[in-house]
Structures are given as C-alpha cells and as structure tokens.
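Just below is one structure, and these are the notes that go with it.
The values are calculated or read from the model by the stated rules, or taken from the named source; none is laboratory data. In this text, all values refer to a predicted model and were calculated from it rather than measured experimentally. No Cβ is skipped: glycine too gets one built from the backbone with ideal geometry, and neighbour counts run over all protein chains shown. These area figures cover heavy atoms from the full protein model, side chains too; ligands, DNA and RNA do not enter into them. Shrake-Rupley method; radii C 1.70, N 1.55, O 1.52, S 1.80 Å.
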Amino acid sequence: MTTGADLRSRYQVVVAGGGPVGSLTALELARSGIDVLLLEAAPHTTDVPKAGTIHARSIQLLTRRGHFAAPDVGSGAVSTTFHYAGVWGLEITAPPGEGPAIAGIGQSDLERLFTARLIGLGTPVLKAAVVTDVVQDDAGATVTFTHEGLTRTVTADWVVGADGARSIVRRSVGFTATETAPTAAALLGLAVLDDPAGAPRGWVRTDRGWTVLNVNASGLSRIITFDLGSPHEDHRRPLTAQELQETVDRFAGRPVPFRHARSLSRFSDYSRLVDTYRLGRVVLVGDAAHVHFPLGGQGLNLGIADAVGLGWRLALVARRQAGPSILDDYSRERHACAAAVIANVADQRERMRIGAVGDRLRTELDRLLEDRNRNRALGSAISAQRRPAPRALAHAAPGDFAVNTVIETDTGITDLIRLHATAGSRGLLLCGNAPESARALVDTGWGERVAVIRVRNLETDVLVRPDGVVAWSGTCGDGNELSACLAETFGTGDQIAEPPFGLMACPTR
Ligand SMILES: Cc1cc2nc3c(=O)[nH]c(=O)nc-3n(C[C@H](O)[C@H](O)[C@H](O)COP(=O)(O)OP(=O)(O)OC[C@H]3O[C@@H](n4cnc5c(N)ncnc54)[C@H](O)[C@@H]3O)c2cc1C
C-alpha cells in the first residue's frame, strides 16, 4: 500500500477521487504506461447501496478494454426486461456476441476490482488523502491535499477530477455548470426487514408516493422512497431510521417494519452538468461532471464511458503525441451523452408523479412500451446504446459503435472484442485491402498508437478507436483521408509545439 513517504513531487497525471470512475480512469492511464497518482479521501472502500445496474454499453466497453472477460462471439442477442419510470416492460437488448444486456454488479465491487488491478500494476494509490485545492499555470497543475494530519502538494501535467458530486476539483478550478433545482425528495437506507415475504417488493406506487425495496430475505434489504411532490426541506439534515420507517409505512399504506437501519441518506432530482469537461490541464469524469436523479441506473454507466473515453486520449496527450484538442472531443461527446441522460431522467420523473398528470403520462407510457420499435429505442437510450449507435462492422460509418463480429486474420479466427483487448489503448486499423500500404502509412508516426490488422473478407476497411467507435471507413490504399483521420484521432506523431496545453482560455488563480 502506498504511503505518503512513497510519493514524488511530480506526476504526469494525478487523479483526484478513487471511486469506481476515478479508479477506472487511473487504471486506463496506467495500462497505457502513464505515470499516474491516485488520491482518494476514504481510508478504504465501503459497500454503498448505490449503483448495481451495469448496462449493456458499459459491459461492451469494459470487455473491449479487457476489464471484463470477453463474451462468446457465437452467442446470440440477449434481451432482458427493465423498467422506465418504475413501469416494467422496457426491453433492453445487447447485440449478438456482446454479452449480457445488464449485469448486476455493485459499484463498490467495481471500485475494488479496478483499484486492485491498479495496485497490481505498481501505481501509487494514496488512501485517506483529501484533495483541498487545485491551481494551474503554464508549468503544471498543483494539487493540495491533506494526509495523516499533514498538508502536502504534488504537481502534475494533468489532473483528473473524479471526486464525485461535491467535487472540490470542479469548484477549485471554476468549472461552470447548468443546474436544475430539486422538486422531489428521496430517502435511502439498508435494513433488515422483519417480514421479508410480506414486504412490498420492487417499484410500488400508491397515491402517497413510491417505495422501492430490493428485498433480501436473509440480510440487509435496500429501501428507497420517492416523494415526487416536493423537495427536502433541508437536504443536509441527517436521515434517521425513524424518518425512513415512517415514510415507508406512509407510502406503503401499512407497516413495513425493519431494524438495524444503516447507510441512511437523502437524495433528490437536482441535476448539474458542467458546460465543458476540460479547463486547461484539468478534466472531469463521472459525478464530478454530471449528477441527476438515479432513475434507470445511468449515473455510473455514464462515468464508465467517461473513463474509457478519456483514458486513451489523455494518455496520448500526456505523452505529447496529441494536442489537447482531442480532450475537447472527449468533452463534446460525453457532454452530449450526459445531457441526453438528464433529459430522459426528467421525463421519467414526470411520469412518476402522483396525480392526474402522472396518470396520463403513465397511460401514454404503457402504449409506448407496447410499440416494439419505440420500446427498443427507449431501451437503447437507457442502456447507453443509442449514442454512439451500434452497427455491424461491414456497414459501420464514422461515429458508429462497431459491434463484435468474427474476424479472420493471418494468424487465425478471432473477434473484434478480443482484438481490442489485445491492442490495449491502441486503435485498430482493420484492412481487407492494401494492408501493406496501410502499415507503411501507420509506420510513419502512429505505429505505437494503431495496430494494423489484415482481415480476410472485409470489403470496407475501418479504423476503430480503443473505445469501439469507428473513426474512419474507406479503402486503405487511399492514403490521404486515412492519414488526416489518424492525425485527428491519434495525434500528429510529432511532439506538440509549445504552448502544449491550450492554456489561453484557462482561468488561473
Ligand atoms: C440510490 C442510488 C442508486 C444508484 N444506482 C445506480 C445504478 O444502478 N447504476 C448507475 O449507473 N448509477 C447509479 N447511481 C449513481 C452512481 O452511484 C454514481 O453515478 C457513481 O457513484 C459515480 O461514481 P464516481 O466515481 O463518479 O463518484 P463517487 O462514487 O462519488 O466517487 C467519488 C470518490 O471521490 C472521493 N472523494 C470525494 N472528495 C474527495 C476529495 N476532496 N479528495 C479525494 N477524494 C475525494 C470519494 O471518497 C469517492 O471515493 C445511483 C445513485 C444512487 C444515489
């Protein structure tokens, strides 16, 4: 375990916050060979009753990045039923060869997995290190933190703020955000139910409010209440077991006794989305960048895609193989996804309202769910598979997510996910045509960043980013367009001229 004495004064990247998203971001960077330090406020990972739904696109990303085992490419499409606004009947489908449509994995388990792998790579992970300030200038970003009663500083070329909803990194650096005020009040806790068999299971609505119970007959059950009528009077007031019990009983319309309540907290439908994910040398991921009502289990899933979208790009920039503008591509792409989630969460909240308006919207939702195409479109959005849209490799255009498929190379039969996992943070240039000229082009500067693979029976050649998104499709022999795309996506191959960090538009203090 890293101690304060092990630290150096400078790193290429400091990641502030080692929750599930910060630990994944640091792991992505470390696996790309970046000299990274992770600072985490908590002394150890605790089990929190939060994210447990890992959606299809997150699974697809984590298998491509080698964090989850690759699925069997011969497996068919997998569908599962989920809810929208508490109404069951939403169909979520993962394409063939892409694994399950949903995985039930607690966010603390993900955090433990990523952190253990980071430590296994020899990456310094300092626990009980509370970041208190970040200041940046032309020479670097200085992170101030407290650890074992001492105030310390460390400097980095880049800082990633992964320190959650109340992010000190976001506030120190002055990121602006678009917010919506809370209109609803939710309570959360874990407890042992006295009568698990008789408790209201799952999402239950009465004319007073919603209860959501994940019943565990032999241990702690997760208990949530949603009051869609008004926000918390004081959201900072600690929640007591008595208030949770009274609220559950009132909303259920009968006593639902429980004991040993713990992990009690309040949350709301307040939303915040930063206007840009990068200011100068500081980049945000996860809840530090976006928060919203946790309907549909989408917050952590957004963060997983942030980490995967940022890792390979920041590695290129930290090595000065690409300019910071590729981080602005990250910001644009991820901002659009978070904005779409915030919109669908607000839509779900309106459909959950108690009363005539909510009833009308739920009736409309019933009709929508009966329409197969609209149902599937909604399922794609909730599972983060709508943007970027999945497409078979043979027909994939720039901006699409290339779906797993069998691939025959010179060395045998494999599939797209396994090629990604082997290539690590390199892109894949899959060539059915003129692979020699493609290899010659890539060797002029992108050899470390792009793996050229000769593929049998591929009519259109494709360049796929490490996060599965198609960057280019065409014919490898037509070098100019491909060369421009390689430069745009993976950097020019030259050292970036000073000033390297685009600090002109960056506020410094
Ligand atoms: C009831 C509930 C259910 C949810 N269910 C789902 C779900 O099913 N699926 C889903 O996708 N999402 C879900 N979410 C949302 C999900 O929990 C969050 O999106 C997720 O925790 C974000 O991860 P993160 O790493 O960005 O932030 P966090 O999990 O908040 O981690 C931030 C880390 O930074 C550390 N930190 C904070 N401040 C500092 C500091 N100053 N210095 C150093 N470290 C610091 C913290 O200790 C923490 O470890 C749910 C949320 C709630 C409330």
May I ask you to derive the relative contact order of the chain, considering only C-alpha pairs under 8 Å and at least 6 residues apart, and to give it as an integer percent?
17 percent
Could you give the nm distance between label points at Thr80 and Ala128, where each point is 7 Å from its Cα heading toward the beta carbon?
3.8 nm
Using modelled backbone amide H atoms (1.01 Å from N, in-plane), which distant-in-sequence or interchain residues come within less than 5 Å of Phe68's amide H?
Thr63
Multiply the residue gap between Thr178 and Thr153 by 0.36 nm, knock off their C-alpha separation, and tell me the result in nm, one decimal place.
5.9 nm
Zone reached by a paramagnetic label modelled 7 Å from Glu91 Cα along Cα→Cβ, restricted to the range 359-373 with backbone N below 13 Å, covers 369-373
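State in Å² the accessible area per residue of the range 1-82; use a 1.4 Å probe, count heavy atoms of protein chains only, and round to the nearest integer. Spell out each step's value before the answer.
Details: 2870 Å² over 82 residues.
Per residue, the range 1-82 has 35 Å² of solvent-accessible surface.
If you filter the range 442-481 for trypsin sites (Lys or Arg not before Pro), then keep DSSP loop positions with at most 14 other Cβ within 10 Å, what is left?
On the way: sites: Arg449, Arg454, Arg456; in loops: Arg449, Arg456.
Here the sparse-neighbourhood loop sites are Arg456.
Peptides 359-365, 277-283: what's the order by average Cβ count within 10 Å, highest mean first? Present the calculation step by step, with values, prior to reporting the outcome.
On the way: 359-365: 14.3, 277-283: 25.6.
The packing order, highest mean first, is 277-283, 359-365.
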Given Cβ point charges of +1 (Lys, Arg) and -1 (Asp, Glu) and nothing else, what value in debye, to the nearest 20, does the dipole of the chain about its Cα centre take?
820 debye
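Set the Förster radius R0 to 25 Å, insert the Cβ-Cβ distance between Asp249 and Val48 as r into 1/(1 + (r/R0)^6), and round the FRET efficiency to 0.05.
Efficiency, rounded to the nearest 0.05: 0.50.
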For the range 1-16 and the range 279-308, distance of Cα centres in Å
24 Å
Pairwise centroid distance, computed over Cα atoms, of the range 196-261 with the range 133-164, Å
40 Å
For the range 185-269, with only Lys/Arg (+1) and Asp/Glu (-1) charged at the beta-carbon, what is the dipole magnitude about the Cα centre, in debye rounded to 20?
200 debye
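Which percent of the accessible area of the range 149-229 is formed by carbon and sulfur heavy atoms (probe 1.4 angstrom)?
Details: 1670 of 3410 Å².
Carbon-and-sulfur percentage of accessible area, whole number: 49.
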Can you send over the carbon and sulfur percentage of the accessible area for the range 390-490, probe radius 1.4 Å, protein chains only?
46 percent
Say the dipole of the chain comes from +1 at the beta carbon of Lys and Arg and -1 at that of Asp and Glu; which of Leu300, Ser437, Val215 then lies farthest toward its positive end?
Val215
Where does the chain land at 222 nm, in deg cm²/dmol rounded to the nearest 500, when only DSSP H runs of n ≥ 4 count, each adding -39500 (n - 2.57), divided by all residues?
-9500 deg cm²/dmol
Just report the Cα centroid separation between the range 312-343 and the range 66-114, whole Å.
25 Å
Take peptides 320-327, 9-16, 185-192 and line them up by average Cβ neighbours within 10 Å, highest first, as a rough protection proxy.
9-16, 185-192, 320-327
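Show me 345-358, 102-115 ranked by packing, highest mean number of other Cβ atoms within 10 Å first.
Working: 345-358: 17.1, 102-115: 18.9.
Descending mean neighbour count gives 102-115, 345-358.
How much accessible area per residue does the range 260-341 have, in Å², with a 1.4 Å probe?
Details: 2020 Å² over 82 residues.
Result: 25 Å² of accessible area for each residue.
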